[in-house]
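Visitor: This structure is in structure tokens; I'll ask about it shortly.
The values are calculated or read from the model by the stated rules, or taken from the named source; none is laboratory data. Computed from a predicted model, the values in this text were never measured in an experiment. FYI the Cβ positions are ideal-geometry reconstructions off the backbone, even for glycines, and counts take in every protein chain you see. Heavy atoms of the whole protein, side chains included, go into the accessibility calculation; ligands, DNA and RNA do not. Shrake-Rupley method; radii C 1.70, N 1.55, O 1.52, S 1.80 Å.
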Amino acid sequence: MSLELTPEFQLIADWIEPHSQVLDLGCGDGTLLKHLQTTRSVRGYGMEIDPQKNIQAMLKGINVIQSNLNGHDLEHYFDPHSVDYVIMTQALQVVSRPDLLLENMLTIGKQSIITFPNFGHWKMRAQLSLRGRMPETSALPYHWYDTPNIHLCTFKDFEDLCEQKNIEVIARSVVNTQHQRTLGMRLWPNLLGEVALYKVKKRASNQA
Amino acid sequence: MTNSIGIVTPQTLHIDQPLQLVSGALLPQYDLVYETYGELNAQANNAVLICHALSGDHHVAGFHQGETKPGWWNDYIGPGKPIDTDRLFVVCSNNLGSCRGSTGPASLNPDTGKIYGLDFPIVTCRDWVNSQNALRQHLGIEQWAAIVGGSMGGMQVMQWAIDQPDKLRHAIVIAAAPKLSAQNIAFNEVARRAIMTDPEFHNGRFIEAGTNPKTGLTLARMLGHLTYLSDDMMGTKFGRELRADKLKYSFDVEFQVESYLRYQGEKFATKQNFDASTYLLMTKALDYFDPAAEFDHNLSQAFARTQAKFLVVSFTSDWRFSPARSREIVRALLDNDLDVSYAEVESEHGHDAFLLPNSHYEGIFRAYMQRVIQESASL
């Protein structure tokens, strides 16, 4: 079981306080949770719908709860504010209602960490505007008809949603598919960043 | 999944230490019949206890001498199988009140010298745990590496984790429920009425009367069997297929499904010679199982002292103990921050799926048991 980590996962680990309680939605084969257990001594659970990935996660010794993020599983299993971090990597765009899920994540978790591919990246824009076709890139390698990514957005779209839902962005990082960070990405993230990492929480409610 | 343990032989443990039962009755002495497979290691930390279901017994894998039919969970227990007898020491005992060798209603009551019949006290999951705990001590096992059970056996696993929190490291609860629903109890009650109203039942004294309430027991089993199957699976297997080539417009068997159910019921009551009083007792034990009841009907509270790590498994087409019932268990375990994994296995076989081959089920089971084995090895 090699634990070859993407820099995306390493960046997430940097955002996690040691010994915290973590929930990983769409945990896949459990690589991230395993890494967080080893390096951050977190306690946690993964939620994953795919049977094969459940088996792989279990082989890593991860607690994995087979669940459907489009249903009510999250609210069924967890009380509000019962988890320190609810993490979701590269899955926001595949769920049926990202806005409702985001809200749920921030009800159950004190903070959330979310990563997703940026549809505003220049390659996407170029393919659509110059070729007149739906983009296919290394970050989004599917055809328009078989893609599981049904709710793609740009960084700006996501931040607009956060603003609308009174969600505060605590930290943001942008990487490319090699998960490197460059100066250009820092200056023009929505144009040059391929994958975004956000750490968010609910703003303390005021009478606004 | 062809590897077999080979020939296995049951053993009997006679216990003279009286057993105080939940009902208030005292069982002065009793026998537990059990089988073991594999070797208990020097540290005695690789022992796995299997808890059987309503009509099950201690013969869980391998073959009895001269028999061609293996134990009831042979697909999952054996060398190289999910419960790997090359690595684990597997124990399965027959529950008290059964008719397969452990003391039950068909045994002699030492106080009267007569067959117990309905004088055999009502037993519950907790009583089974207490009796199995005596077997644990006898075998020199301080702590089970895991306790595994399906259906009623899964309930017994939960009872172990609640009553004896430091006596097991892992609990594997398959196709179970935290308590029976009104509908579950209702099915049990119809089954019991079928047995007890059979004129051959003789108020439980049928062995002395030289009779057998097999009509009632057959009906009870037909009803029970129905709850183990799914509508889809019955549709696939039988549909409206006829027994003969055309309808007879009579009360004889017309459809294949009728013939199948009758066959299953009669086989149970005659060929398998299941004891009618045992059927009554087992259904009662199921009805009474409700660990939350002692904790203000709060299942999370019931698991408050539990230490074991859990694997909970349900099957999509199981309507007897549906996935929703397993999710209640998972929720209560999560409330206590316990280690828990949960799998909802796609199957059309209803409640019976827990006994049948299925690649997802086997994969989960195998992966989790590897964790059990690895943890035992690193102790």
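Visitor: For region A:2-74, give me every one of the helices (runs of 4 or more DSSP H) that falls completely inside it and has 1 or more residues that are touching a Phe, Trp or Tyr at 6+ places or on another chain (Cβ under 9 Å) and within 14 Å of chain B (Cβ to nearest Cβ).
Guide: Working: elements: A:7-14, A:31-40, A:51-59.
Per the criteria, A:31-40, A:51-59.
Visitor: Right, something else. Could you pull out the residue among A:Leu33, A:Leu25 that is farther than 18 Å from B:Lys309 by Cβ and open to solvent by less than 30 Å² (accessible area, probe 1.4 Å)?
Guide: Values: A:Leu33 fails: farther than 18 Å from B:Lys309 by Cβ.
None of the other options fit; the residue is A:Leu25.
Visitor: For the subset of region A:158-171 comprising residues that are surrounded by fewer than 17 Cβ atoms within 10 Å (Cβ to Cβ) and of a type outside the set (A, V, I, L, M, F, W, C), which member is nearest to A:Pro189 (Cα to Cα)? It would help to see each step written out before you state the result.
Guide: Going through region A:158-171, the residues surrounded by fewer than 17 Cβ atoms within 10 Å (Cβ to Cβ) turn out to be A:160-161, A:163-166, A:168-171.
Going one step further and asking which of them are of a type outside the set (A, V, I, L, M, F, W, C), we end up with A:160, A:163-166, A:168.
Values: A:Asp160: 15, A:Glu163: 18, A:Gln164: 21, A:Lys165: 22, A:Asn166: 22, A:Glu168: 18 Å.
Ranking the qualifying residues of region A:158-171, first place goes to A:Asp160.
Visitor: Do we have B:Ala145 as closer than 21 Å to B:Gln272 by Cα and either open to solvent by less than 10 Å² (accessible area, probe 1.4 Å) or touching a Ser or Thr at 6+ places or on another chain (Cβ under 9 Å) (or both) here?
Guide: Values: closer than 21 Å to B:Gln272 by Cα: no; either open to solvent by less than 10 Å² (accessible area, probe 1.4 Å) or touching a Ser or Thr at 6+ places or on another chain (Cβ under 9 Å) (or both): yes.
Taking the combined requirement at face value, the residue does not satisfy it.
Visitor: If you don't mind, another one. In region A:94-111, how many residues are farther than 16 Å from A:His72 by Cβ, open to solvent by less than 40 Å² (accessible area, probe 1.4 Å) and not in a helix (DSSP H, G or I)?
Guide: Residues flagged as farther than 16 Å from A:His72 by Cβ, open to solvent by less than 40 Å² (accessible area, probe 1.4 Å) and not in a helix (DSSP H, G or I) within region A:94-111 amount to 1.
Visitor: Then there's this: Taking the conditions exactly as written (open to solvent by less than 100 Å² (accessible area, probe 1.4 Å), closer than 24 Å to A:Ser96 by Cβ and modelled with pLDDT under 90), does A:Thr137 satisfy them or not?
Guide: On the way: open to solvent by less than 100 Å² (accessible area, probe 1.4 Å): yes; closer than 24 Å to A:Ser96 by Cβ: yes; modelled with pLDDT under 90: yes.
Yes: the conditions hold for A:Thr137.
Visitor: Among (1) in a helix (DSSP H, G or I); (2) under 14 Å from the mean Cα position of the chain (by Cα), which single condition is B:Ser131 missing?
Guide: The one condition B:Ser131 does not meet is (2).
Visitor: Something else about it: Of the numbered conditions (1) open to solvent by 20 Å² or more (accessible area, probe 1.4 Å); (2) in contact with a Gly (Cβ under 9 Å, 6 or more places away or on another chain); (3) within 14 Å of chain A (Cβ to nearest Cβ); (4) modelled with pLDDT of 95 or more, B:Glu375 fails exactly one; give the number of that condition.
Guide: Status for B:Glu375: all satisfied but (4).
Visitor: Confirm whether A:Glu163 is closer than 22 Å to A:Trp15 by Cα and in contact with a Phe, Trp or Tyr (Cβ under 9 Å, 6 or more places away or on another chain). It would help to see each step written out before you state the result.
Guide: Details: closer than 22 Å to A:Trp15 by Cα: yes; in contact with a Phe, Trp or Tyr (Cβ under 9 Å, 6 or more places away or on another chain): no.
When the stated conditions are applied, A:Glu163 does not pass them.
Visitor: Test B:Lys267 against the criterion of being within 19 Å of B:Gln183 (Cα to Cα) and surrounded by fewer than 21 Cβ atoms within 10 Å (Cβ to Cβ), and give yes or no.
Guide: Details: within 19 Å of B:Gln183 (Cα to Cα): no; surrounded by fewer than 21 Cβ atoms within 10 Å (Cβ to Cβ): yes.
In short, no.
Visitor: Going residue by residue through region B:293-313, is there one that turns out to be within 20 Å of the chain's Cα centre (by Cα), surrounded by fewer than 22 Cβ atoms within 10 Å (Cβ to Cβ) and within 14 Å of chain A (Cβ to nearest Cβ)?
Guide: Scanning region B:293-313 turns up no residue that is within 20 Å of the chain's Cα centre (by Cα), surrounded by fewer than 22 Cβ atoms within 10 Å (Cβ to Cβ) and within 14 Å of chain A (Cβ to nearest Cβ).
Visitor: Testing B:Asp275 on (1) free of Cβ contacts under 8 Å to residues at least 60 places away in the same chain; (2) surrounded by 17 or more Cβ atoms within 10 Å (Cβ to Cβ); (3) acidic (Asp, Glu), one condition comes back false. Which one is that?
Guide: The single condition B:Asp275 does not satisfy is (1).
Visitor: Moving to a separate point now. Suppose the filter is farther than 19 Å from B:Ser181 by Cβ and either touching a residue at least 60 places away in the same chain (Cβ under 8 Å) or not in a loop (DSSP other than H, G, I, E, B) (or both); does B:Arg320 pass it? First the steps, then the outcome.
Guide: Details: farther than 19 Å from B:Ser181 by Cβ: no; either touching a residue at least 60 places away in the same chain (Cβ under 8 Å) or not in a loop (DSSP other than H, G, I, E, B) (or both): yes.
Considered against the rule, which asks whether it is farther than 19 Å from B:Ser181 by Cβ and either touching a residue at least 60 places away in the same chain (Cβ under 8 Å) or not in a loop (DSSP other than H, G, I, E, B) (or both), B:Arg320 comes out as no.
Visitor: Please find, among B:Gly71, B:Gly150, B:Gly78, the residue that is closer than 26 Å to B:Val313 by Cα, buried (at least 24 other Cβ atoms within 10 Å of the Cβ) and out of contact with any Gly (no Cβ under 8 Å at 6 or more places or on another chain). Outline the logic, then answer.
Guide: Working: B:Gly71 fails: out of contact with any Gly (no Cβ under 8 Å at 6 or more places or on another chain); B:Gly78 fails: out of contact with any Gly (no Cβ under 8 Å at 6 or more places or on another chain).
From the options B:Gly71, B:Gly150, B:Gly78, the qualifying one is B:Gly150.
Visitor: Okay, next question. Would you point out the residue of region B:81-128, among those that are polar (S, T, N, Q), farther than 23 Å from B:Leu217 by Cβ and in a loop (DSSP other than H, G, I, E, B), that is least open to solvent (accessible area, probe 1.4 Å)?
Guide: Once the filter is applied, the top-ranked residue is B:Thr85.
Visitor: Let me spell it out: the conditions are (1) in contact with a strand residue (DSSP E or B) (Cβ under 6 Å, 6 or more places away or on another chain); (2) surrounded by fewer than 22 Cβ atoms within 10 Å (Cβ to Cβ); (3) touching a residue at least 12 places away in the same chain (Cβ under 8 Å), and B:Pro18 meets all of them except one. Which number is the exception?
Guide: Going through the list (1) in contact with a strand residue (DSSP E or B) (Cβ under 6 Å, 6 or more places away or on another chain); (2) surrounded by fewer than 22 Cβ atoms within 10 Å (Cβ to Cβ); (3) touching a residue at least 12 places away in the same chain (Cβ under 8 Å), B:Pro18 breaks only (3).
Visitor: Can you find, within region B:323-357, the residue that is farthest from the other protein chains (Cβ to nearest Cβ) among those that are touching a residue at least 40 places away in the same chain (Cβ under 8 Å) and more than 19 Å from the chain's Cα centre (by Cα)? Show your work before the answer.
Guide: Residues of region B:323-357 touching a residue at least 40 places away in the same chain (Cβ under 8 Å): B:325-326, B:328-329, B:332, B:348-357.
Then drop every residue that is not more than 19 Å from the chain's Cα centre (by Cα), which leaves B:328, B:332, B:348.
Values: B:Glu328: 9, B:Ala332: 10, B:Glu348: 15 Å.
Looking at the filtered set, the residue picked out is B:Glu348.
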